[in-house]
Amino acid sequence: MIRRLAIWMMVLLLALAAPAQAQNGQANGNLRLNVGDIIQVTLPGEEAFAQPLQIDREGRVNLPEVGPVDVAGLTVAQARDRVRAALAQSFRDLGRFNLTLRERRLLVSVGGFVRTPGPVELPAGANVQQAIAAAGGLSQGAQLDRMQVRRGNEVITFDYKRFLDTGARNILPALRPLDEIFVPASPLTGNVQIDFDARTLAAAGDAAEDRSAVRVFGEVQSAGSFAWRQGMTVMDAIIRAGGVTRFAGTEQVRVITNGEPRTFNLKAFLDSGNAAMNPPIAAGTTIFVPVQAEEVRQGPRVIYVMGEVARPGAFEVRPGTGFFDLLANAGGPTRFAETRQVRIIRADGRRVEPFDLGAFIEGGGGIPPALSPGDAIFVPEKTQQTEQASWLRVPPSRAVRVMGAVRNPGRYEWSNEMSLLDLIAQAGGPNERADTAGVQILMGDRGQTRRFDLRRFLAEGGRAGSLPEIRAGYTITIPELPVSPSDQRSTWVGQPAERSIYIMGSVGSPGRYAFEPQLSFLDIMSAAGGPTAAADLLNIRVAHRGEGRDRVSRVNLAAYFESGDDSLLPRVRPGDVIFVPDRNRNWLEQSPGSTVRVLGAVNRPGRYQFNDSMNLLDLLAEAGGPTRDAWQERIVVVNLSCCQDQASSFDLPAFARSGDFTRMPVVRAGDTVYVPSNTQSGWRILFDALRDVLPIISIIALIGAL
């Protein structure tokens, strides 16, 4: 009785819960999906849908094997239908498919004066304070009373400081997906970003807005307002500001007291130490340290250093001052300096002397130039090897042209210490289409051309002395590898004939191919795509040209594949022609002496290639075998290839029963095999078929002898 009562109670609870679940499902189905929401797609049997999916900022959800589907703004029920329709294109069983809203998320962006601006992801119902915390918090100098929430074209301004003071949540605007929170900077921070700490504030002055403060600015280390004290002097104020910079005009310091300006000579005070030159200043004094005025320095002991040095200018010299003394005082050459082309401009302006500083430093010899007052040292800028650099920077007398298949063709400055490898490396090296075996060197005005095999030099290793000599004015050309005529028929003609191999017939890509002496017959066959399925590997022909007389060799490639004997492969050279015939070529192209004729009641009568390793059964099988109406007991073999004409018959059924190979007639190339028909009334068909072989009278005589 108690058990029955428990069962009825369970049924009643399920009945009451069912309407509630249906109502919740209906309510969930009416919810509209937003950007950032996380949904669960249920598709039993598919592991790709085991993890929940989030709606991205574009309002799409990325479905496995389907791609992105727009669902933002749809109700859960509408999204379920749309996703089902998208999955139906890639999945068949959707009987247990379902889509539910798993979690509400809020995607917003935080910008401005926060520590880590950018997009943030928040739980549903999050407020502005949580968004700012997710962005790392506010940065020092943020203006709290003019924060903004930007929603499309709408800008909502609110007082975040008031919220922090009162805690009233109604001050903060409610956030929606894709809102942007902007935190402005306080106008008091100025236009320069600095970190606000005690040290920075102290360096900026300690008097704030005090009217008695002493203000120091200009060429000082730390300009600012400083507290005035009794007996304070100009020197004290400048020291409080961190001292002057190296650009300060110490002889023209301006001091303004009660609206009356005067000049303070800091240099004279330091040189003399006279305390009378440094009187006390009154409260509210303003001190300005100007920039030192640039003056043209000249005189009987001045030498000028110009160009790419750290500190160009005019330098006074004494007896014994040398070239390196001046260069060191000018800070030395910069990283942009062309030290190989230093120029000494003499005082009279009539002479310009070159000096190779780079070669001197590397031990190349030479003597530093002697200098006299009035001379000028000019260190030029290094030539920029870029596409935009003007070619006028390098005169033709110092340039080498690099053209063709290199990564950066152009004109390059040349030095006699360089080699061909240095030049090609400067040009970025050969590109992927470069034919390094045919590098061409045009020797300046002489008009002579030299060819150099760079590929072989790099592969086999060579001495530096074997590299061709390069001089200024030469032109280096690296040609491109030829393109197959099946790809671009307009470019393969640029390939020289003396470096070409011709391959024709039944190969994958017949054409004209570049050839090097180190390549072999198999290399060329591989480059042409290899023989096709219909290729006759037994009768490949190679026409050897350029040997004084033309010669044709025959290649049995099938025998090579069986034996691996390299002696079966011919040696090919540039200019040779390789022809791969087709096994199914026209019988008129075949010599009668190399074939056997199969006539009569066979499935494929015709002429067939034959060799000594084959027998009559192989030949009948090649012809498709006898037909149903064949007279198999009277197969005739006419031997025309031996010393005299003769014929023999062959009983195929008897051979099949006995297996005696001694009864099988011998067949050789040039013979004829005839299989008569059971319904044949005479031998006229045989006579007609053999008319091109023997006169009819000879055939009758041969058969009569059987």
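The values are calculated or read from the model by the stated rules, or taken from the named source; none is laboratory data. Quick caveat: nothing in here was measured; it's all calculated off a predicted structure. Backbone-built Cβ (ideal geometry, glycine too); neighbour counts: all protein chains shown.
Results, tabulated for the structure shown:
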{"quantity": "Residue 115 vs. criteria under 30 Å from residue 42 (Cβ atoms) and either modelled with pLDDT of 90 or more or more than 39 Å from the chain's Cα centre (by Cα) (or both)", "calculated": "no"}
{"quantity": "Selection within the stretch 329-352 - surrounded by fewer than 12 Cβ atoms within 10 Å (Cβ to Cβ) and over 18 Å from residue 300 (Cβ atoms)", "calculated": "335, 350, 351, 352"}
{"quantity": "In the stretch 448-463, residue surrounded by the most Cβ atoms within 10 Å (Cβ to Cβ) [restricted to those that are under 25 Å from residue 397 (Cβ atoms) and in contact (Cβ under 8 Å) with a residue 12 or more places away in the chain]", "calculated": "452"}
{"quantity": "Tally, over the stretch 213-227, of residues that are under 11 Å from residue 240 (Cα atoms) and part of a loop (DSSP other than H, G, I, E, B)", "calculated": "4"}
{"quantity": "Out of 165, 179, 145, 195, sole residue that is under 46 Å from the mean Cα position of the chain (by Cα) and modelled with pLDDT under 90", "calculated": "195"}
{"quantity": "All positions within the stretch 38-86 that are assigned to a helix (DSSP H, G or I) and of a type outside the set (D, E, K, R)", "calculated": "48, 49, 76, 77, 78, 79, 83, 85, 86"}
{"quantity": "Selection from the stretch 615-672 of residues that are among the polar types (S, T, N, Q) and part of a loop (DSSP other than H, G, I, E, B)", "calculated": "615, 627, 641, 644"}
{"quantity": "Meets criteria (small (Gly, Ala, Ser) and modelled with pLDDT of 80 or more) for residue 514", "calculated": "no"}
{"quantity": "Neighbours by Cβ (under 9 Å, 6+ apart or cross-chain): first from the stretch 664-689, at positive phi and at pLDDT 80 or above; second of a type in the set (D, E, K, R) and assigned to a loop (DSSP other than H, G, I, E, B)", "calculated": "none"}
{"quantity": "Test for residue 706: is it at pLDDT below 80 and closer than 24 Å to residue 594 by Cα", "calculated": "no"}
{"quantity": "Count - residues of the stretch 227-242 that are more than 13 Å from residue 281 (Cα to Cα) and without any contact (Cβ under 8 Å) to a residue 24 or more places away in the chain", "calculated": "1"}
{"quantity": "Selection within the stretch 523-578 - under 23 Å from residue 500 (Cα atoms), in contact with a strand residue (DSSP E or B) (Cβ under 9 Å, 6 or more places away or on another chain) and small (Gly, Ala, Ser)", "calculated": "527, 528, 529, 530, 535, 543, 553, 575"}
{"quantity": "Search result, residues across the stretch 96-121 that are assigned by TED's automatic domain parsing to the domain that holds residue 167, outside any loop (DSSP other than H, G, I, E, B) and free of Cβ contacts under 8 Å to residues at least 60 places away in the same chain", "calculated": "118, 120"}
{"quantity": "Residue pairs meeting the criteria (Cβ under 7 Å; at least 6 apart or on separate chains; first more than 23 Å from residue 594 (Cβ to Cβ) and in contact (Cβ under 8 Å) with a residue 24 or more places away in the chain, in the stretch 610-635; second surrounded by fewer than 13 Cβ atoms within 10 Å (Cβ to Cβ) and among the hydroxyl-bearing types (Ser, Thr, Tyr))", "calculated": "629/679"}
{"quantity": "Residue that is modelled with the lowest pLDDT, among those in the stretch 585-603 that are assigned to a helix (DSSP H, G or I) and surrounded by 12 or more Cβ atoms within 10 Å (Cβ to Cβ)", "calculated": "587"}
{"quantity": "Pairs, first farther than 27 Å from residue 107 by Cα and in contact (Cβ under 8 Å) with a residue 12 or more places away in the chain in the stretch 72-94, second among the charged types (D, E, K, R) and in a loop (DSSP other than H, G, I, E, B), C-beta under 8 Å, six or more apart", "calculated": "90/65; 91/46; 91/65"}
{"quantity": "Test: residue in the stretch 257-272 that is of a type in the set (Val, Ile, Thr), under 30 Å from residue 226 (Cα atoms), touching a residue at least 40 places away in the same chain (Cβ under 8 Å) and in a strand (DSSP E or B)", "calculated": "no"}
{"quantity": "Answer residue from the stretch 635-663, given it is within 15 Å of residue 611 (Cα to Cα) and of a type in the set (S, T, N, Q) and is modelled with the lowest pLDDT among those", "calculated": "641"}
{"quantity": "Some residue of the stretch 288-302 being among the hydrophobic types (A, V, I, L, M, F, W, C), closer than 30 Å to residue 241 by Cβ and modelled with pLDDT under 85", "calculated": "yes"}
{"quantity": "Matching residues in the stretch 433-452 - criterion: being assigned to a loop (DSSP other than H, G, I, E, B) and hydrophobic (A, V, I, L, M, F, W, C)", "calculated": "443"}
{"quantity": "All positions within the stretch 216-226 that are in contact (Cβ under 8 Å) with a residue 40 or more places away in the chain, crowded, with 19+ Cβ neighbours inside 10 Å and within 15 Å of residue 284 (Cβ to Cβ)", "calculated": "216"}
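For (1) farther than 17 Å from residue 179 by Cα; (2) surrounded by 13 or more Cβ atoms within 10 Å (Cβ to Cβ), each residue gets a yes or a no:
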| position | (1), (2) |
| --- | --- |
| 51 | yes, no |
| 54 | yes, yes |
| 61 | yes, yes |
| 69 | yes, yes |
| 91 | yes, yes |
| 104 | no, yes |
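One line per residue, one yes/no per condition, for (1) of a type in the set (A, V, I, L, M); (2) in the same structural domain as residue 230 (by TED's automatic domain parsing); (3) under 22 Å from residue 332 (Cα atoms); (4) modelled with pLDDT of 90 or more:
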residue	(1), (2), (3), (4)
258	no, yes, no, no
268	yes, yes, no, no
281	yes, yes, no, yes
308	no, no, yes, yes
313	no, no, yes, no
